[in-house]
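The values are calculated or read from the model by the stated rules, or taken from the named source; none is laboratory data. Values in this document were obtained by computation on a predicted structure and should not be read as measured data. Cβ atoms come from the backbone with ideal geometry, glycine included; neighbour counts cover every protein chain shown.
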Amino acid sequence: MSARVRAPQLRGRGWLNTGGRELTLADLRGKIVLLDFWTFCCINCLHVLDELRPLEEKYADVLVVIGVHSPKFEHERDAAALAAAVERYGVAHPVLDDPELLTWQQYAAKAWPTLAVIDPEGYLVAAMAGEGHAEGLARLVDELVETHEAKGTLHRGDGPYLPPPPPVTALRYPGKALALADGHLLVSDSAHHSIVELAPDAETVIRRIGSGTRGRADGTPETAQFSEPQGLCLLPPVVAAAAGYDLVVADTVNHLLRGVKLDTGEVLTVAGSGRPWRSGMETPTADALAADLSSPWDLAWYEDRVIVAMAGIHELWWFDPVARTVGVYAGTTVEALRDGDLPDVWMAQPSGLSVSDDGTRLWIVDSETSALRFVTDGTMHTAVGRGLFDFGHVDGPAGQALLQHPLGVCALPDGSVLVADTYNGAVRRFDPATGQVSTVESGLAEPSDVVRTRDGDVLVVESAAHRLTRILLGAESTGGFRRASSVRRPPADLAPGEVTLDVVFTPAPGQKLDDSYGEPTRLEVSASPPELLLAGAGTGRELSRRLVINGDVAEGVLQVVAQAATCDAEAENPACHLARQDWGVPVRVVPGGPDRLPLILRGLDPQSPQPR
């Protein structure tokens, strides 16, 4: 933390949550400034928003958090979409709109999320990527407060945050929906932190389950609390009777599954410790209430249990409501696209689930790879989608079709599926019989789910329009959309041959690496295509790795997963902490290019002290 590096200026298109005022680092002199480089599609970025809330409250008079929104998808470059996301996720600090990644590049960010700390004199003192840094940040802020209060360079007082006036609508950014037997609908009213029952007209509110205030509390419909709930799953009657509740809710930001008794509206916690997942499960089966979950986003009843789209760690889990156990169903936590047997697949933020009418096929939308996938007979397949960095709105044969960050999926009786193609503002249909993708409806406001009613209608959860919308099937377009895109993030140039991968990690003040449970650091490296790496793939404990880059492969993606365990250095009962990040680094192989790739997990790169 001793490097004296002047922080680059903040450059972008405009500001949110400042009352229209443009901020400069000079305006913030005397404050500790924390830059949070994020993009609103990224589940890990949303985790960091929640990690920062207690810090913002505790250090309100000395710390200014600034979100630097550096978009991945084309839709995220839209200023109105960003403003909606800032409201949707309760972002209570200034946000710099950086659609061209100008500030991102100045600070040499290579991952979402990345954090940078600037001291009251305007010097960059720390950078870190990924989640799990809240405790270390608190220690660093304490250290900076002590240092700069003694120097007279710390100025206490209010920061520049000015919230916009709160809007009033019946629903606010609804997430998922399902139909009840009596024709009523249940909707997760995510930004109102509640579950709403609507009449068959999809507009009239019958009742609300949840107080409407963000929190975590079991109880009656009036006192229970959720935090940005998403997926809903009705249990089969026999299972519901044995479990003691009818409905399972993915309480996303609380990292919980909640049970709801529909007759009384009573809410109870049925799975999850409330702690966000930080490392692998010790056993294949765990007590549901003791297990750490990570942003459960959707739910479906499949193979006689609840399947959970565990968006935060890129896996599917299962939950048995009668045995009250959970376990991993599919995935390895690596964020990428790879099919195969369920234990070995790679996923990227699964966010929507639906089961075919015959119960044999589980459909999944994998939002960060813009993919439609399915499970059958213990194997995962990709129907539409190419990977982390290719997306668009292209109809036609499935191998050529493109989606853009879909969040919802709905299986139809004829075997085809509808996809809530969220960032394209569309509902798409994939027909396995023909292998064709078509557009059913466009011009929608961030559709997040599609649901079939009991009378056969199709409703779309039009999340950014705060409503449910009926659509008609049968008049879809089969070739009118041809917009293909790729992520604008600059690739890292690397030389062919031997390259050193360095993951930079420095423990926070007052912490040390913790080896009480084994090796404190772990590094896993893979590549897409696999041929990009001639040597260096695999898992090891050192955070530095010799790679051999194939000069015959022009470009690809390095998948790097790093974690470091620390504990308090001097405490009698030391607390343990785990920092973790999953990088998907676009790579371009260039003769004469750099032979070192630094990735900062926490600290500053000693070999590259100056940001670009």
Being modelled with pLDDT under 95 and polar (S, T, N, Q) is the filter here; which residues of the range 449-477 pass it? T453, S477
Residues of the range 336-375 classified as more than 21 Å from E74 (Cβ to Cβ), surrounded by fewer than 24 Cβ atoms within 10 Å (Cβ to Cβ), aliphatic (A, V, I, L, M) and not assigned by TED's automatic domain parsing to the domain that holds L418, total: 1
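Which of the residues that make up the range 197-214 are out of contact with any His (no Cβ under 7 Å at 6 or more places or on another chain) and either crowded, with 23+ Cβ neighbours inside 10 Å or at positive phi (or both)?
If we filter the range 197-214 for residues that are out of contact with any His (no Cβ under 7 Å at 6 or more places or on another chain), which is where we start, we get 201-205, 207-209, 211.
Result: A202, I209.
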Under 6 Å between Cβ atoms, at least 6 apart or on separate chains: pull out the pairs that start in the range 149-163 with a residue that is more than 9 Å from P94 (Cα to Cα) and end on any residue that is outside any loop (DSSP other than H, G, I, E, B). L154/H148; G159/V64
Only one of (1) surrounded by fewer than 18 Cβ atoms within 10 Å (Cβ to Cβ); (2) assigned to a strand (DSSP E or B); (3) acidic (D, E) does not apply to D582, and that is (1)
Among the residues of the range 278-299, the number that are crowded, with 24+ Cβ neighbours inside 10 Å and either at pLDDT below 95 or of a type outside the set (F, W, Y) (or both) is 6
Within the range 354-402, restricting to residues that are hydroxyl-bearing (S, T, Y) and outside any strand (DSSP E or B), the one that is nearest to the chain's Cα centre (by Cα) is S367
Would you pick out the residues in the range 171-196 that are surrounded by fewer than 23 Cβ atoms within 10 Å (Cβ to Cβ), part of a loop (DSSP other than H, G, I, E, B) and of a type outside the set (D, E, K, R)? L180, A181, G183, H184
Does R483 fit the bill of being exposed (fewer than 15 other Cβ atoms within 10 Å of the Cβ), modelled with pLDDT under 90, assigned by TED's automatic domain parsing to the domain that holds R386 and not in a loop (DSSP other than H, G, I, E, B)? yes
The residue that is nearest to R275 (Cα to Cα), considering only those in the range 546-579 that are modelled with pLDDT of 95 or more and buried (at least 21 other Cβ atoms within 10 Å of the Cβ), is L547
Which members of the range 545-557 meet the condition of being assigned to a strand (DSSP E or B) and closer than 18 Å to R386 by Cα? E555, G556, V557
Restricting attention to the range 486-535, report how many residues are surrounded by 17 or more Cβ atoms within 10 Å (Cβ to Cβ) and more than 24 Å from W112 (Cβ to Cβ). 6
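Do any strands (runs of 3 or more DSSP E) lying entirely in the range 254-353 carry at least 2 residues that are free of Cβ contacts under 8 Å to residues at least 60 places away in the same chain, and which ones are they?
Details: elements: 256-261, 266-271, 296-302, 305-310, 315-320, 325-330.
Answer list for the range 254-353: 256-261, 266-271, 305-310, 315-320, 325-330.
Could you list all residues from the range 12-45 that are outside any strand (DSSP E or B), of a type in the set (S, T, N, Q) and more than 30 Å from M347 (Cα to Cα)?
Matches in the range 12-45: N17, T24.
Looking at E542, E519, E531, which one is more than 30 Å from H75 (Cα to Cα), touching a residue at least 12 places away in the same chain (Cβ under 8 Å), in the same structural domain as L601 (by TED's automatic domain parsing) and not in a loop (DSSP other than H, G, I, E, B)? Full working, then the answer.
Details: E542 fails: not in a loop (DSSP other than H, G, I, E, B); E519 fails: not in a loop (DSSP other than H, G, I, E, B).
Among E542, E519, E531, only E531 is more than 30 Å from H75 (Cα to Cα), touching a residue at least 12 places away in the same chain (Cβ under 8 Å), in the same structural domain as L601 (by TED's automatic domain parsing) and not in a loop (DSSP other than H, G, I, E, B).
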With respect to A241, is the statement that it is touching a Phe, Trp or Tyr at 6+ places or on another chain (Cβ under 8 Å) and among the small types (G, A, S) true? no
